[in-house]
Amino acid sequence: MARTIHHYVGGAHVPGTSGRTSPVYDPSTGEVQAEVDLASAEEVDAAVAVAADAHREWRSVSLSRRTDVMFAFRQLLHEHRAELAALVSSEHGKVESDAAGELARGIENVEFACGIAPLLKGGFTEQASTGVDVYSIRQPLGVVAGITPFNFPMMVPLWMLANAIACGNSFVLKPSEKDPSASVRLAELFSEAGLPDGVLNVVHGDKVAVDAILESRGISAVSFVGSTGIARHIYERGTAAGKRVQALGGAKNHMVVLPDADLDVAADAAVSAGYGSAGERCMAISVVVAVGPVADPLVEAIAKRIPALRVGPGSDPTAEMGPLVTAEHRDKVAGYLDVAASEGATVLADGRSLSLVEGASPGGFYLGPSLLDGVRPGMRVYEEEIFGPVLSVVRVESLDEAIGLVNSHPYGNGTAIFTRDGGAVRRFQFEVDCGMVGVNVPIPVPVAYYSFGGWKSSLFGDAHMYGPAGVDFYTRSKVVTSRWPEASTSAIDLGFPGTR
């Protein structure tokens, strides 16, 4: 009988009461390895109530003590990094080295939050008016929530909860039901680090839980990373309910390669960024824009690298790319290959015909690296986010045409340019309509002391994720005007207060 993954509320594992569960697969074999409880609206409300009680105490805890907890949590993440990577690999399918990299980038956000004390410093103005001082302070919002995707079950929760908790909020996390165990383990380690019970709660669920979070009067803010359609829904519904919302949606990231680029460097980058984590990354390169005469040799170089990629279970140290997260998603991604051919693209590598590493289960949710040439705007494979190991090549004649191509696409998450020409780079980064730009860097995810966020249909609202923007999002400013007058000088004055 499969084990059941319960909610984690108030510092304890809490079995679900809704009577609904969802299967959690082992993507490398296709077998069900667990069932996860799916919360009812009432269960979400109960978790919010626990978080609200915990917040009243946690917001009063000193910044020094909060920092101690963050440092202890960071240490535990390092000590358990092999275990955590294996846990992600077992439910998501990505190879363990990739899962370890995910954790490392998540830990960077915890390290940023370890410096929360100076980040919450306000301002002070003495003698703003005669005998009057004015100062500003930053205070936590209260109970905040995060709704996170399946593709980064550790990193994205750490994008949210590290800053939110360090700022003095309590947190309700609704991870993806496809790979929920990582979030529970993070909560356990946070408790071990000294976080009071109820400050961090994990509630599993589907749309029922999401809607309950959006409707809850006890939740002040919601953070989301996922597909564009759901991001739009969460932003519109959450803001209508009076909540702060940061909602990051989908992407179609272009990598522009100019004729002077180092061919091997560009080809290696395209393969790495297109097929890493089986393409299940919002910052994956999904479109290579080959400019002028570089197209033929670049396509040839990419195609030559594909047969050498080793596809297999994430636990196999020789595997470089694992399966996709579910059979349904694998089949959806594979369907784009037929669509591409019907629309006139050339399928140079078809991932449905692949050789797995020795010992891999044929029942796993595998799809090999796929390469499409002759892709044009208007094709579904160009317009839509595929979210799998399908790399499309679009050929253009100039940098002007490349910039126009990127800017006309509805998504604006990230982009990259490969060249040795500094002037071209300067122009590209100045003119391109994307939130994150890489220069000879194919996946330009900002370091933790900057912030993550796209433009256009990749972001709803203007709230970016983690870093300084995260501190701003999870706090609100209060300005205090203070005077300590002598009682003997007090008098009634109905005029508007002046500052002179």
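The values are calculated or read from the model by the stated rules, or taken from the named source; none is laboratory data. Since this is a predicted model, take the numbers as computed values, not measurements. Quick reminder, even Gly has a Cβ in these numbers, built from the backbone with ideal geometry, and neighbours come from all protein chains shown.
Here are some notes:
- Of the candidates THR346, THR326, THR318, the single residue that is of a type in the set (S, T, N, Q) and closer than 30 Å to PRO259 by Cα is THR346.
- The listed residues are SER477, SER488, and the only one of them that is part of a helix (DSSP H, G or I) and closer than 30 Å to THR130 by Cα turns out to be SER488.
- Put simply, of ASN413, ASN440 the only residue that is buried (at least 22 other Cβ atoms within 10 Å of the Cβ) and not hydroxyl-bearing (Ser, Thr, Tyr) is ASN413.
- Tally of residues being in contact with a strand residue (DSSP E or B) (Cβ under 6 Å, 6 or more places away or on another chain) and in a helix (DSSP H, G or I) across the stretch 182-209: 5
- Looking only at the stretch 245-268, and only at residues there that are surrounded by fewer than 24 Cβ atoms within 10 Å (Cβ to Cβ) and in a helix (DSSP H, G or I), the one that is nearest to the chain's Cα centre (by Cα): ASP268
- Looking across the stretch 118-148, just one residue is over 27 Å from HIS55 (Cβ atoms), β-branched (Val, Ile, Thr) and assigned to a loop (DSSP other than H, G, I, E, B), and that is THR130.
- Near pairs, Cβ below 8 angstrom, 6+ apart or cross-chain, from the stretch 282-300 (in the same structural domain as MET155 (by TED's automatic domain parsing) and closer than 24 Å to GLU385 by Cα) to any residue that is at pLDDT 95 or above and outside any strand (DSSP E or B): none
- Among the candidates GLY168, GLY242, GLY194, GLY226, the residue that is more than 25 Å from LEU38 (Cα to Cα) and either within 19 Å of the chain's Cα centre (by Cα) or free of Cβ contacts under 8 Å to residues at least 24 places away in the same chain (or both) is uniquely GLY242.
- Residue identified as surrounded by fewer than 17 Cβ atoms within 10 Å (Cβ to Cβ), outside the structural domain of THR326 (by TED's automatic domain parsing) and closer than 25 Å to HIS204 by Cβ among ALA41, ALA104: ALA41
- Of all residues making up the stretch 213-244, the number that are surrounded by fewer than 24 Cβ atoms within 10 Å (Cβ to Cβ) and either assigned to a loop (DSSP other than H, G, I, E, B) or in the same structural domain as VAL294 (by TED's automatic domain parsing) (or both): 9
- Scanning the stretch 46-67 for residues that are closer than 30 Å to LYS178 by Cα and buried (at least 18 other Cβ atoms within 10 Å of the Cβ) yields ALA46, ALA47, VAL48, VAL50, ALA51, ALA54, HIS55.
The rows are residues; the columns are (1) touching a Phe, Trp or Tyr at 6+ places or on another chain (Cβ under 8 Å); (2) assigned to a strand (DSSP E or B).
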position	(1), (2)
VAL288	no, yes
VAL294	no, no
VAL299	no, no
ARG305	no, no
PRO313	no, no
PRO317	no, no
VAL333	yes, no
TYR336	no, no
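- Close pairs (6 angstrom Cβ cut-off, 6 or more residues apart or separate chains): surrounded by 24 or more Cβ atoms within 10 Å (Cβ to Cβ) in the stretch 145-158, aromatic (Phe, Trp, Tyr) anywhere: ILE147/PHE224
- Verdict on PRO362 being in contact with a Ser or Thr (Cβ under 9 Å, 6 or more places away or on another chain), assigned to a loop (DSSP other than H, G, I, E, B), at negative phi and outside the structural domain of PHE150 (by TED's automatic domain parsing): no
- If you filter the stretch 297-324 down to residues that are within 16 Å of VAL271 (Cα to Cα) and acidic (Asp, Glu), you find that the one that is surrounded by the fewest Cβ atoms within 10 Å (Cβ to Cβ) is GLU300.
- Within the stretch 369-408, the set of residues being surrounded by 21 or more Cβ atoms within 10 Å (Cβ to Cβ) and in contact with a Pro (Cβ under 9 Å, 6 or more places away or on another chain) comprises PRO369, SER370, PRO389, VAL390, LEU391, VAL394.
- Test: ALA273 is without any contact (Cβ under 8 Å) to a residue 40 or more places away in the chain and out of contact with any Gly (no Cβ under 8 Å at 6 or more places or on another chain): no
- Of the helices (runs of 4 or more DSSP H) lying entirely inside the stretch 366-444, those carrying at least 1 residues that are closer than 29 Å to LEU354 by Cβ, outside the structural domain of THR29 (by TED's automatic domain parsing) and of a type outside the set (Asp, Glu) are 380-383.
- Taken together, the residues in the stretch 68-89 that are farther than 12 Å from ALA162 by Cα and crowded, with 24+ Cβ neighbours inside 10 Å amount to 4.
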